[in-house]
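Participant: Quick one: structure below, then a few questions.
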Amino acid sequence: MTELKVYPGTGEQKAGENPEAPQSVNRRLMALSCLLVFMAQMATTIYLPSLPTVAHDFGMSRSYAALSISAFVIGAAAPVVLWGMAADRYGRRAPLLASLAVFVLTSAAITLNRSPEALLVLRALQGIGAGGAAIIARILVRDRWNGDELARRLSVLSIAFITAMGGGQFLGGLIGRYAHWEAGFVVLAVVGALAAALTFTVPFESARAVQRPSEVLRICLEISGQRAFLLPALAGGAGFATIVLLQEVSPFVFQQHFGLATDQYGSLGLLLGLAYFAGAMTVNRLVSRTGSGRLMTAGALVMTATGVLMIVLWSVPGLPQTGALVAFVGLYCVTTFGQSVLFPNSMATAVSSRRTHGAYAVSLCGFLQQSMAGVAAASAALLHSDLAWASVATVLGAAAWILTRFAVGSTTPAPGATATPVHRLSTGGDHGAPRGCSATTD
């Protein structure tokens, strides 16, 4: 039996929310989770405006410089399941602090580095730390909420993603103009240290019974073999891959094709942030009435349509430069809106299909989605033609839409799954049930 530390009730509770967790704990947990997501995303966006400068400083080609984005994304994806296992074995706090230590140390090391090869290695290590922090942030949220309430809470995390997307790119543009790109990594190290301090303000779950590697493999294979999990997870991964691809090519498109200055490109991040905010608010307002499945399908359809229009944009010869710039900015923003609707609903749908082994479901979902984004990022380094990368973005959007259509039709719950929010905690031998209050805190 698991000894539970039960919190006093705090009044009316929403569906999918554990009644034992006080609102003060929920607020601190959401603040910490948002900061972790903000940090992980800003590690890319604060760096984007200076990517052409980085290529110049290190004497790199465009493709080689773009690999510093790919290395980060792949590093974030590779150990995600291992971070989830560590969160179950050692409790949430110790793995989270370890991931933050890796992130802070590598961010500081990048500011001192002068080798292009070492830059790629350090960016991969930084991604490992960021990926661990971001996935544990989502595990913390999954510990307390389920169903449509989980989708709503994940849309709140999207606001942190928005702030990092828009504000990080804007700040990166200012750094590129008034300082040097290494200053961005100083900012990241400070944010990581602040997140580490905040971990001590939130009660986390303690360590659980250790699973044998063969048992972990069995659990992951069982989860990944269920359509109710796999289809929405892959759909979210295709959408995430689209955004990562656009992030990687956009500095060169805007600064070299359209001739924007570094700070001008950075300012466009504010528009992208507004687009993502609009999508997050759409989810927050509509998910309880419309449902996660229909919203994620709508988001994927928007991304497919904008991909097709990007192909048209780059296929039409002789367009005025200003008109093409305005059209591309608009399509980029609408694509971002579609992703902000698709992503939280796809993850909520996937992980809510499991009533047991929630941490493994979140970790496996993150691994699949980060891996797809890593492949897209690596491919983008080779796609110098605007028409080529626009075609890949369209294929990814269409794949997401098709997957969501099948996912919405996959309504039969798998063993251990639930189609409705969970309100009860298991206190017996189920070591993976949804958890809303803390076991004796670590």
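Participant: Where does each of 291-298, 240-247 land if you order them by average Cβ count within 10 Å, highest first?
Facilitator: Top to bottom by mean Cβ count within 10 Å: 240-247, 291-298.
Participant: Using the per-residue mean of other Cβ atoms lying within 10 Å as a proxy for protection, in what order, highest first, do the peptides 329-339, 361-371 fall? Intermediate results must be reported in sequence, preceding the final value.
Facilitator: Details: 329-339: 22.4, 361-371: 26.3.
Put in order of decreasing packing, that is 361-371, 329-339.
Participant: What number comes out for accessible area per residue over the range 228-296 if the probe is 1.4 Å? Units Å², please.
Facilitator: Numbers: 2180 Å² over 69 residues.
Using a 1.4 Å probe on heavy atoms only, each residue of the range 228-296 averages 32 Å².
Participant: How far apart, in nm, are the 7 Å Cα→Cβ label points at A278 and S24?
Facilitator: In this crude label model, A278 to S24 measures out at 4.0 nm.
Participant: Can you tell me which of 35-46, 248-259 comes out highest on packing, and rank the rest after it, using the mean Cβ neighbours within 10 Å? If you can, show how the numbers build up before the last one.
Facilitator: On the way: 35-46: 25.9, 248-259: 19.7.
Order by mean packing, descending: 35-46, 248-259.
Participant: Taking 51 Å as R0, compute the FRET efficiency from the Cβ-Cβ separation of F258 and S214 and round it to 0.05. Walk me through the numbers on the way to the answer.
Facilitator: Details: r = 54 Å, r/R0 = 1.06.
After rounding, the FRET efficiency stands at 0.40.
Participant: Additional query: How much FRET efficiency would the formula 1/(1 + (r/R0)^6) give for R89 and S385, where r is the Cβ-Cβ distance and R0 is 60 Å, rounded to 0.05? Provide the component values of the computation, followed by the final result.
Facilitator: On the way: r = 47 Å, r/R0 = 0.78.
Calculated value: 0.80.
Participant: Given a Förster radius of 30 Å and the C-beta distance between T53 and A31 as r, what FRET efficiency does 1/(1 + (r/R0)^6) yield to the nearest 0.05?
Facilitator: Values: r = 34 Å, r/R0 = 1.12.
The value I calculate is 0.35.
Participant: I'd like the accessible area for W401, computed on protein heavy atoms only with a 1.4 Å probe and all protein chains in place. Round to 10 Å², please.
Facilitator: Roll a 1.4 Å probe over it and W401 shows about 90 Å².
Participant: Given points 7 Å out from each Cα along the Cα-Cβ axis, report the T290 to A193 separation in nanometres with one decimal.
Facilitator: Taking the two extended label points, one gets 4.3 nm.
Participant: Could you give the length gained on full extension between E182 and F200, defined as 0.36 nm per residue of separation minus the Cα-Cα distance, in nm? Provide the component values of the computation, followed by the final result.
Facilitator: Details: separation 18, 0.36 × 18 = 6.48 nm, distance 2.93 nm.
Result for the pair: 3.6 nm of gain on full extension.
Participant: Report ³J(HN,Hα) in whole Hz for each residue of the range 229-241, in order, from the Karplus equation J = 6.51 cos²θ - 1.76 cosθ + 1.60 where θ = phi - 60°; Gly and Pro get x.
Facilitator: 8, 5, 5, x, 4, 5, 4, x, x, 5, x, 4, 4
Participant: What figure, in Å² to the nearest 10, do you get for the accessible area of T201 with a 1.4 Å probe and non-protein molecules left out?
Facilitator: Surface open to solvent at T201 totals about 60 Å².
The values are calculated or read from the model by the stated rules, or taken from the named source; none is laboratory data. Here the structure is a predicted model, which is why all the values come from computation and not from measurement. Neighbour counts run over all protein chains shown; Cβ positions are idealised from the backbone, glycine included. Ligands, DNA and RNA are excluded from the accessible area calculation, which covers all protein heavy atoms including side chains. Shrake-Rupley method; radii C 1.70, N 1.55, O 1.52, S 1.80 Å.
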